[in-house]
Amino acid sequence: MSNKSDFGLIGLAVMGQNLVLNVESRGFQVSVFNRTVSVTEEFIAKHPGKKLVGAKTLEEFVQSLSRPRKIQIMVKSTAVRDHERDAVDAVIEQLIPLLEEGDIIIDGGNSFYQTTERRDAYLAAKGLRFIGAGVSGGEEGARKGPSIMPGGPPSTWEVMKPIFESIAAKVDGEPCVIHIGPGGAGHYVKMIHNGIEYGDMQLICEAYSIFKAAGLSTDEMAAVFNEWNQGDLQSYLIQISGKALEQRDPETGKPVVELIMDKAGQKGTGQWTLLNAAENAVVISTINAAVEARILSSQKKQRVAASTQLQGPKAQLSLPKAELVQKVHDALYASKIVSYAQGLDLIKTMGEKKNWGLDLGRIAAIWRGGCIIRARFLNRITEAYRNNPQLANLMLDPFFKGVLNGAQQNWRELVSTAMLQGIAVPAFSASLGYYDSYRSERLPANLLQAQRDFFGAHTYERTDKPEGEFFHTQWPEVIE
Ligand code: NBP
């Protein structure tokens, strides 16, 4: 082993340990530190012969690194607002007196992008460099190759590029990492990635819900998902859903999925995405429906009580299986396109507002491997933005337009059937509602403007007068 390590990592929980093994496997010497020293000792003991340096103190850790020091923090991030302080801040404060000008701190946790911006400015004032990097792919991604979304100054990216590119997942030989943009851009894009992930997961769950109502067994559903995974719906989430449906409980012999309580958890990135969309006046109705579906699912007691009081039809889906599978496929594919169109619209809007210079096509390309939303169709998104970097909405790209036009009849029929049968499909229907609103030359907002002018003299524009001219009507008095 050489005297000094190329890379240092603080926080040896599941993500940290796997990332360290990944970095080391690419030929780098790595120093590690964990608050609870026994964790470090056990980790080092478990991996004899590897180029790892286990430090018992932060001083020892910092001194073991070559300059400029490259230190990745992988500790629990809980600060949901930029003024809050969490473990990442605690570690940064402990590091500051030990570091020298130009050293680099990387926060690879799921930090809120505004918190990243606060840390970036704080550390820059101290002559230190900071990268807020979103890392996706969970435990397996961290070990074998995640998708990495680093922000920060381009000059810092250049220093980190060799390590990041060697540890990232590769698709067609291309590493799933690019410099996303300055400041909090990396963590921002990771946040929207997670929002899109919520959408993808909910859409798959709605497909499952319809299949269940139609009486398909979990094995039949698994076979459908496995088949879809060979086609244009190919994705990691479809693949693991198929595998999950196949899994049997050793104790009861029943499908494990049917034994799992229908109460979804969430850690907050979906909610952050909704808040940001509201702040930027961007519609992300599919992701919104997905977050709300998790919230409603968690209200199990209330739902159980309501199920005996609020009436609805008993679902009876009598469509031939092949026809049903095709309709669900088309509804899922079309809704997924809408969800990505919305998520990318939000990234575009925010990128322009912050002047981040984001490249949507390249961002989609680094989601092709390593991360949870990895999917074949991301290639098509990259192509869409390569063909037209100014694309106003993904749905208008010729390829996606073709898919949507082709799928829309089945999509409508599936959503209508589900609604008539009382099967909740909030994400399928929100996606279709967006599609129909977006393609409407005329919406009923004329009446809405009349209402606003009626009660608040808010004025309106007219269809028969130039845009920008505002009118007010003397509405009749209302006698109640
Ligand atoms: P956790 O989020 O469970 O964090 C545990 C680590 O944080 C341990 O090493 C713990 O040290 C350390 N830590 C805590 Br807690 N408070 C600390 C403090 N005040 N000072 C120093 N260290 C402290 O680990 P994880 O699941 O590996 O995730 C790490 C980050 O990566 C998180 O931000 C997470 O959101 C993100 N992420 C996780 C996944 C995933 O699939 N798990 C995927 C993508 C991103 P200790 O051993 O002394 O308690």
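Only one entry of Val291, Val304 meets the criterion of being more than 29 Å from the chain's Cα centre (by Cα) and part of a helix (DSSP H, G or I), and that entry is Val304. Ser38 meets each of the listed conditions (1) of a type in the set (Gly, Ala, Ser); (2) surrounded by 20 or more Cβ atoms within 10 Å (Cβ to Cβ); (3) within 9 Å of the ligand (Cβ to nearest atom) apart from (2). From the list Leu317, Leu358, the one residue that fits, being within 14 Å of Ile192 (Cβ to Cβ), in contact (Cβ under 8 Å) with a residue 40 or more places away in the chain and not basic (Lys, Arg), is Leu358. Residues of segment 105-131 that are among the small types (Gly, Ala, Ser) and in a helix (DSSP H, G or I): Ala121, Ala124.
Checked against the criterion of being in contact (Cβ under 8 Å) with a residue 40 or more places away in the chain, more than 21 Å from Asn22 (Cα to Cα), among the hydroxyl-bearing types (Ser, Thr, Tyr) and touching a Ser or Thr at 6+ places or on another chain (Cβ under 8 Å), segment 77-87 contains not a single residue that satisfies it.
Each row is one residue, and each column tells you yes or no for (1) over 24 Å from Ala213 (Cα atoms); (2) out of contact with any Cys (no Cβ under 7 Å at 6 or more places or on another chain); (3) not assigned by TED's automatic domain parsing to the domain that holds Phe225.
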position: Ala290; (1), (2), (3): no, yes, no
position: Gly343; (1), (2), (3): yes, yes, no
position: Trp356; (1), (2), (3): yes, yes, no
position: Gly361; (1), (2), (3): yes, yes, no
position: Gly369; (1), (2), (3): yes, no, no
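Among the residues of segment 447-479, those identified as under 43 Å from the mean Cα position of the chain (by Cα) and in a loop (DSSP other than H, G, I, E, B) are Ala457, His458, Thr459, Glu461, Arg462, Thr463, Pro466, Glu467, Gly468, Glu469, Phe470. Could you run through segment 158-178 and say how many residues are in a helix (DSSP H, G or I) and within 30 Å of His47 (Cα to Cα)? Total meeting the criteria: 9.
Among residues of segment 1-26 that are within 12 Å of Gln72 (Cα to Cα) and more than 16 Å from the ligand (Cβ to nearest atom), none has a beta-carbon under 6 Å from a residue that is among the acidic types (Asp, Glu) and assigned to a loop (DSSP other than H, G, I, E, B) at least six positions away or on a different chain. Residues that are part of a loop (DSSP other than H, G, I, E, B) and either small (Gly, Ala, Ser) or not assigned by TED's automatic domain parsing to the domain that holds Cys205 (or both) within segment 269-288 comprise just one, Ala281.
Does Gly49 fit the bill of being under 29 Å from Glu140 (Cβ atoms), away from the ligand (no atom under 15 Å from the Cβ) and assigned by TED's automatic domain parsing to the domain that holds Glu140? For Gly49, the condition - under 29 Å from Glu140 (Cβ atoms), away from the ligand (no atom under 15 Å from the Cβ) and assigned by TED's automatic domain parsing to the domain that holds Glu140 - is met. For segment 70-108, the candidate set comprises residues that are within 14 Å of the ligand (Cβ to nearest atom) and touching a helix residue (DSSP H, G or I) at 6+ places or on another chain (Cβ under 6 Å); within that set, the residue that is farthest from Gly184 (Cα to Cα) is Gln94.
Inspection of segment 224-244 finds a residue satisfying the criterion of being crowded, with 21+ Cβ neighbours inside 10 Å, farther than 30 Å from Thr115 by Cα, touching a residue at least 24 places away in the same chain (Cβ under 8 Å) and of a type in the set (Ser, Thr, Tyr). One residue alone among Lys161, Lys190 is out of contact with any helix residue (DSSP H, G or I) (no Cβ under 7 Å at 6 or more places or on another chain), of a type in the set (D, E, K, R) and more than 16 Å from the ligand (Cβ to nearest atom), and that residue is Lys161. Within segment 227-250, not a single residue is in a helix (DSSP H, G or I), of a type in the set (S, T, N, Q) and at pLDDT below 95. Being under 26 Å from Arg26 (Cβ atoms) and within 11 Å of the ligand (Cβ to nearest atom) is the requirement here; does Ala142 meet it? Yes: the conditions hold for Ala142. Within segment 348-400, if we keep just the residues that are assigned to a helix (DSSP H, G or I) and among the acidic types (Asp, Glu), the residue that is farthest from Ala169 (Cα to Cα) turns out to be Glu352. Suppose the filter is part of a helix (DSSP H, G or I), within 13 Å of Ile366 (Cβ to Cβ), within 16 Å of the ligand (Cβ to nearest atom) and in contact (Cβ under 8 Å) with a residue 40 or more places away in the chain; does Gly134 pass it? Against the criterion (part of a helix (DSSP H, G or I), within 13 Å of Ile366 (Cβ to Cβ), within 16 Å of the ligand (Cβ to nearest atom) and in contact (Cβ under 8 Å) with a residue 40 or more places away in the chain), Gly134 does not qualify. Checking each residue in segment 123-155 for being buried (at least 23 other Cβ atoms within 10 Å of the Cβ) and among the polar types (S, T, N, Q) picks out Ser136, Ser147.
Checking each residue in segment 406-419 for being free of Cβ contacts under 8 Å to residues at least 40 places away in the same chain and either within 13 Å of Val338 (Cβ to Cβ) or of a type in the set (D, E, K, R) (or both) picks out only Arg412. Answer with yes or no whether Asp89 is within 33 Å of the chain's Cα centre (by Cα) and at pLDDT 95 or above. Judged against the criteria, Asp89 is a match.
Each residue in segment 178-218 was checked for being under 24 Å from Leu19 (Cα atoms) and touching a Pro at 6+ places or on another chain (Cβ under 7 Å), and 4 of them qualify.
The values are calculated or read from the model by the stated rules, or taken from the named source; none is laboratory data. Computed from a predicted structure; not experimentally measured. Quick reminder, even Gly has a Cβ in these numbers, built from the backbone with ideal geometry, and neighbours come from all protein chains shown.
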